[in-house]
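What follows is one structure encoded as C-alpha coordinates, with my remarks underneath.
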Amino acid sequence: MTARQGEIEDDRRVRAIKQSRFWEQRRKVHLLTGLPQCGCCGGGYAAVDRDYLASSAARKLGACTQRRAFRRGDLMALILVLLRDRVMQPAAVASFISAYGS
Ligand SMILES: [Zn+2]
(Lines give C-alpha, C1' and ligand atoms only; values in the text may rest on other atoms or scores of the structure.)
Protein backbone atom coordinates (compact mmCIF):
# COMPACT_ATOMS: atom_id res chain seq x y z
CA MET A 1 0.00 0.00 0.00
CA THR A 2 1.35 3.40 -0.94
CA ALA A 3 1.52 6.29 1.49
CA ARG A 4 -1.31 7.99 -0.41
CA GLN A 5 -3.51 4.90 -0.21
CA GLY A 6 -2.79 4.75 3.50
CA GLU A 7 -3.87 8.38 3.89
CA ILE A 8 -7.11 7.61 2.10
CA GLU A 9 -7.75 4.50 4.19
CA ASP A 10 -7.16 6.49 7.38
CA ASP A 11 -9.57 9.28 6.45
CA ARG A 12 -12.51 9.21 8.85
CA ARG A 13 -15.02 9.63 5.98
CA VAL A 14 -13.59 6.61 4.18
CA ARG A 15 -13.67 4.58 7.39
CA ALA A 16 -17.30 5.62 7.99
CA ILE A 17 -18.28 4.54 4.47
CA LYS A 18 -16.54 1.20 4.88
CA GLN A 19 -18.18 0.65 8.27
CA SER A 20 -21.61 1.17 6.70
CA ARG A 21 -21.00 -1.91 4.50
CA PHE A 22 -23.30 -0.29 1.92
CA TRP A 23 -22.59 -3.02 -0.60
CA GLU A 24 -24.51 -5.49 1.58
CA GLN A 25 -27.62 -3.30 1.55
CA ARG A 26 -28.36 -3.47 -2.16
CA ARG A 27 -31.97 -4.10 -3.09
CA LYS A 28 -32.88 -7.65 -3.87
CA VAL A 29 -33.06 -8.69 -7.48
CA HIS A 30 -36.56 -9.93 -8.20
CA LEU A 31 -37.83 -12.15 -10.96
CA LEU A 32 -39.17 -9.10 -12.80
CA THR A 33 -36.24 -6.75 -12.19
CA GLY A 34 -35.57 -4.75 -15.37
CA LEU A 35 -38.44 -6.28 -17.36
CA PRO A 36 -41.61 -4.14 -16.92
CA GLN A 37 -41.95 -1.16 -19.25
CA CYS A 38 -44.23 1.80 -18.75
CA GLY A 39 -47.13 1.79 -21.21
CA CYS A 40 -47.14 5.58 -21.21
CA CYS A 41 -43.49 6.54 -21.81
CA GLY A 42 -41.86 3.21 -22.67
CA GLY A 43 -39.31 3.62 -19.90
CA GLY A 44 -38.49 1.17 -17.18
CA TYR A 45 -40.13 0.64 -13.83
CA ALA A 46 -38.35 1.06 -10.54
CA ALA A 47 -39.04 -0.20 -7.06
CA VAL A 48 -40.97 2.23 -4.88
CA ASP A 49 -40.82 1.28 -1.25
CA ARG A 50 -40.52 -2.43 -0.69
CA ASP A 51 -43.52 -3.85 -2.53
CA TYR A 52 -44.41 -1.40 -5.31
CA LEU A 53 -43.26 -0.65 -8.85
CA ALA A 54 -43.76 2.62 -10.72
CA SER A 55 -42.57 4.37 -13.87
CA SER A 56 -39.05 5.60 -13.23
CA ALA A 57 -39.52 8.63 -15.47
CA ALA A 58 -42.64 9.63 -13.56
CA ARG A 59 -41.21 9.12 -10.10
CA LYS A 60 -37.66 10.33 -10.51
CA LEU A 61 -37.81 12.86 -13.34
CA GLY A 62 -41.44 13.94 -13.51
CA ALA A 63 -41.15 13.23 -17.26
CA CYS A 64 -44.08 10.80 -17.47
CA THR A 65 -47.73 11.25 -16.57
CA GLN A 66 -48.20 7.67 -15.30
CA ARG A 67 -48.01 8.33 -11.58
CA ARG A 68 -49.73 5.16 -10.39
CA ALA A 69 -47.71 2.51 -8.64
CA PHE A 70 -48.76 -1.12 -8.36
CA ARG A 71 -47.86 -3.99 -6.13
CA ARG A 72 -45.12 -6.27 -7.38
CA GLY A 73 -47.12 -9.23 -6.08
CA ASP A 74 -50.19 -8.23 -8.14
CA LEU A 75 -48.06 -8.14 -11.29
CA MET A 76 -46.57 -11.56 -10.49
CA ALA A 77 -50.07 -12.99 -9.94
CA LEU A 78 -51.26 -11.55 -13.26
CA ILE A 79 -48.28 -13.02 -15.11
CA LEU A 80 -48.90 -16.44 -13.60
CA VAL A 81 -52.57 -16.30 -14.65
CA LEU A 82 -51.58 -15.32 -18.19
CA LEU A 83 -48.98 -18.09 -18.36
CA ARG A 84 -51.51 -20.65 -17.15
CA ASP A 85 -54.45 -19.47 -19.24
CA ARG A 86 -52.76 -18.42 -22.47
CA VAL A 87 -49.29 -19.92 -22.77
CA MET A 88 -49.65 -23.33 -21.15
CA GLN A 89 -52.51 -24.42 -23.40
CA PRO A 90 -52.23 -27.74 -25.27
CA ALA A 91 -52.12 -26.13 -28.74
CA ALA A 92 -49.47 -23.61 -27.64
CA VAL A 93 -47.39 -26.31 -25.93
CA ALA A 94 -47.62 -28.56 -29.03
CA SER A 95 -46.55 -25.66 -31.22
CA PHE A 96 -43.60 -24.95 -28.92
CA ILE A 97 -42.54 -28.63 -28.92
CA SER A 98 -42.73 -28.86 -32.70
CA ALA A 99 -40.64 -25.71 -33.04
CA TYR A 100 -38.06 -26.31 -30.31
CA GLY A 101 -38.40 -29.96 -29.24
CA SER A 102 -35.87 -32.56 -30.21
ZN1 LIG B 1 -43.74 6.25 -17.77
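About the Cα centre, and with charges only on the beta carbon of Lys, Arg (+1) and Asp, Glu (-1), how big is the dipole of segment 1-60? Nearest 20 debye, please.
Dipole size: approximately 80 debye.
Over the chain, with the other protein chains present, what is the accessible area per residue in square angstrom, probe 1.4 angstrom?
With all protein chains present, the chain gives 84 Å² per residue.
Got a sec to turn the phi values of segment 62-68 into Karplus ³J(HN,Hα) couplings, 6.51 cos²θ - 1.76 cosθ + 1.60 with θ = phi - 60°, whole Hz, x for Gly and Pro?
Coupling constants for segment 62-68: x, 9, 9, 8, 7, 9, 6 Hz.
Defining a contact as two alpha carbons under 8 Å apart and six or more residues distant in sequence, what relative contact order in percent does the chain show?
Computed over the chain, the figure is 12 percent.
Calculate one ³J(HN,Hα) per residue across segment 85-99 by plugging θ = phi - 60° into the Karplus curve 6.51 cos²θ - 1.76 cosθ + 1.60, and present them in order as whole Hz with x for glycine and proline.
Values per residue, Gly and Pro as x: 7, 10, 8, 8, 9, x, 5, 5, 5, 4, 5, 5, 5, 5, 7 Hz.
Segment 40-69 to segment 82-102: how many Å between their Cα centroids?
Value for the Cα centre distance between the two parts: 33 Å.
Dipole magnitude of the chain about its Cα centre, charges +1 at Lys/Arg Cβ and -1 at Asp/Glu Cβ only, in debye to the nearest 20?
Rounded to the nearest 20 debye, it is 280 debye.
Starting from the amide H of V48, placed 1.01 Å from N in the peptide plane, find each other amide H under 5 Å away whose residue is 5 or more places distant or on another chain.
For V48, the qualifying residues are L53, A54.
Using the alpha-carbon atoms, what tilt in degrees (0 to 90, nearest 10) does helix 72-82 show relative to the longest principal axis of the chain?
30
Tell me, what HN-Hα J-couplings in whole Hz come from the Karplus equation 6.51 cos²θ - 1.76 cosθ + 1.60 at θ = phi - 60° for each residue of segment 7-22, using x for Gly and Pro?
4, 5, 4, 7, 4, 4, 5, 5, 4, 5, 5, 5, 5, 5, 6, 4
For the chain, what does -39500 (n - 2.57) per DSSP helix run (n ≥ 4), summed and divided by total residues, give at 222 nm, in deg cm²/dmol to the nearest 500?
-11000 deg cm²/dmol
Quick one: pull the percent of accessible area on the chain belonging to carbon and sulfur, 1.4 Å probe, ligands and nucleic acids left out.
56
List the trypsin sites (Lys or Arg not before Pro) within segment 14-102 that DSSP assigns to loop and that have no more than 14 neighbouring Cβ atoms inside 10 Å.
Passing both the DSSP loop test and the Cβ count: R21, R26, R27, K28, R50, R67, R68.
The values are calculated or read from the model by the stated rules, or taken from the named source; none is laboratory data. The model shown is predicted, which means the values in this text are computed figures rather than measured ones. Note that each Cβ is placed from the backbone with ideal geometry, even for glycine, and that neighbours are counted across all protein chains shown. Surface accessibility is based on the protein's heavy atoms, side chains included, excluding ligands, DNA and RNA. Shrake-Rupley method; radii C 1.70, N 1.55, O 1.52, S 1.80 Å.
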